[in-house]
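The values are calculated or read from the model by the stated rules, or taken from the named source; none is laboratory data. Just so you know, these numbers come straight off a predicted model, no measurement behind them. Note that each Cβ is placed from the backbone with ideal geometry, even for glycine, and that neighbours are counted across all protein chains shown. Surface accessibility is based on the protein's heavy atoms, side chains included, excluding ligands, DNA and RNA. Shrake-Rupley method; radii C 1.70, N 1.55, O 1.52, S 1.80 Å.
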Amino acid sequence: MKAIVTLNAGSSSIKFALYELLPHGFRFDAGGKIEEIGTAPRLRARNAAGEVILERDWQQANAISHEHLLEDLFAWAATQLGDREIVAIGHRIVHGGSDFAAPRLIDDALLDALDALIPLAPLHQPHNLAAVRALRALAPHLPQIACFDTGFHHDLAPLTTRLPLPRSLHERGIRRYGFHGLSYEHIAKRLRDIEPTHAGGRVIAAHLGNGASLCAMREGKSIDTTMGFTALDGLMMGTRSGALDPGVVLHLQIQLGMSAQEVETLLYRQSGLLGVSGLSNDMRALHASDAPEAAEAIDLFVRQAARQAAGLIPTLGGLDGFVFTAGIGENDACIRARICESLSWAGIALDADANEANAAVISTGDSKVLVRVIPTDEEAVIAHHVVDLIRSEGGISR
Ligand code: ADP
């Protein structure tokens, strides 16, 4: 029996899943997340029935490296395997640049090319690639496959990829790419399952987690998205600013004397919900607070989401569907209600009870726009790609 592992290694968390290969397809076996790496890492894994099968804290927690955690994770996966053998590992790789869209086997040349994209995704790409290298050291012969978060947006129209800058910069790769592609690919697939003929038609999908973005999809394909050159663009996020007057960046450096490094830290790690509230990047903590700054951070998050969603409607030429996904999108009825309220002019009418219940469809029967809540599953998308590659002609053995 064979199994595959998927990994999504970020700066403070590693999500993982183990799947068993079946004659046709695959089956989720176990998965979970190591959170709060760097401060107090803890692991929780569940089996296919949703039961917690492992909970673990580490001693001397702040000194534990990603590599050490991966080693522990791999050792635990080995205990889960029984008579099964891991035959490949699939990774979420945030940035594939202009050259890499389809999932592919990682070799030295690809790793070098992906290293060069680290400055475009400093919060994610170094950790994605460090996980690949750590596993190469642990299991040198195990094929590892890169699945790119930019891939789903690879066929955006040239105009959508263009930034209003001199053309020569576009040729050097300074263009819009789009992210959260594995999540949107899952949403597009679910919509195709639900409505095979037109996959929901003209849809805005809202991935609202720690990172947040919107994707305008027509018949299941990305035609625009709020993240651009980097995953810093677009919506206000947990700790990222989202879209900002570029003059602010100049002012911070030229007038306030901040270094480029300091500005990077400010925009990626100290802004967004955390920066505006001064309290937390976690939406649940902000709801629980009675500080006016927490309320203002939530107000601004909602305002930005509705405003940028509205900005996608002309490209779509109208709106048939709206999908909420990721931590906030799947669980936070209050934020969903407020975004939908701001978009009521576009034909969204919310069913308050269905929304409170996190139902699959949360719009009223006569809403012009069908509003859904669809749990994302980036791991399943990665597993699909790995299985497709394993079973493709020639396979992936080195
Ligand atoms: P990541 O980008 O790290 O995968 P998630 O998709 O897990 O992020 O989303 C994290 C966000 O979701 C946090 O702001 C968290 O507060 C929020 N969230 C998770 N569960 C809930 C909930 N039940 N109600 C409101 N917000 C929630």
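The figures follow:
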item: Failed criterion for residue 33 (all others in (1) open to solvent by 40 Å² or more (accessible area, probe 1.4 Å); (2) of a type outside the set (Ser, Thr, Tyr); (3) more than 16 Å from the ligand (Cβ to nearest atom) hold); result: (3)
item: Residues within the range 199-229 that are among the aliphatic types (A, V, I, L, M), touching a Gly at 6+ places or on another chain (Cβ under 8 Å), within 16 Å of the ligand (Cβ to nearest atom) and within 18 Å of residue 348 (Cβ to Cβ), tallied; result: 3
item: Residue ID - nearest to residue 333 (Cα to Cα), chosen from residues in the range 277-286 that are surrounded by 14 or more Cβ atoms within 10 Å (Cβ to Cβ) and in contact with a helix residue (DSSP H, G or I) (Cβ under 7 Å, 6 or more places away or on another chain); result: 283
item: Residue 79 being touching a residue at least 12 places away in the same chain (Cβ under 8 Å), β-branched (Val, Ile, Thr), in the same structural domain as residue 139 (by TED's automatic domain parsing) and open to solvent by 30 Å² or more (accessible area, probe 1.4 Å); result: no
item: Some residue of the range 55-65 being closer than 19 Å to residue 18 by Cα, open to solvent by less than 30 Å² (accessible area, probe 1.4 Å) and either not β-branched (Val, Ile, Thr) or not in a loop (DSSP other than H, G, I, E, B) (or both); result: no
item: Pairs, first within 13 Å of the ligand (Cβ to nearest atom) in the range 326-346, second in a loop (DSSP other than H, G, I, E, B), C-beta under 6 Å, six or more apart; result: 326/209; 326/376; 327/209; 330/375
item: Criterion: at pLDDT 95 or above and either closer than 27 Å to residue 392 by Cβ or small (Gly, Ala, Ser) (or both) - qualifying residue of 90, 10, 38; result: 90
item: Any hit, the range 151-161, residues being more than 16 Å from the ligand (Cβ to nearest atom), in contact with a helix residue (DSSP H, G or I) (Cβ under 8 Å, 6 or more places away or on another chain) and more than 26 Å from residue 243 (Cβ to Cβ); result: no
item: Unique match (being open to solvent by less than 50 Å² (accessible area, probe 1.4 Å), at pLDDT 95 or above, in the same structural domain as residue 203 (by TED's automatic domain parsing) and of a type outside the set (S, T, N, Q)) among 332, 351, 299; result: 332
item: Helices (runs of 4 or more DSSP H) (entirely within the range 279-398) containing at least 1 residues that are of a type in the set (Gly, Ala, Ser) and touching an Asp or Glu at 6+ places or on another chain (Cβ under 6 Å); result: 333-342
item: Unique match (being closer than 13 Å to residue 371 by Cβ, away from the ligand (no atom under 14 Å from the Cβ) and of a type in the set (D, E, K, R)) among 320, 299; result: 320
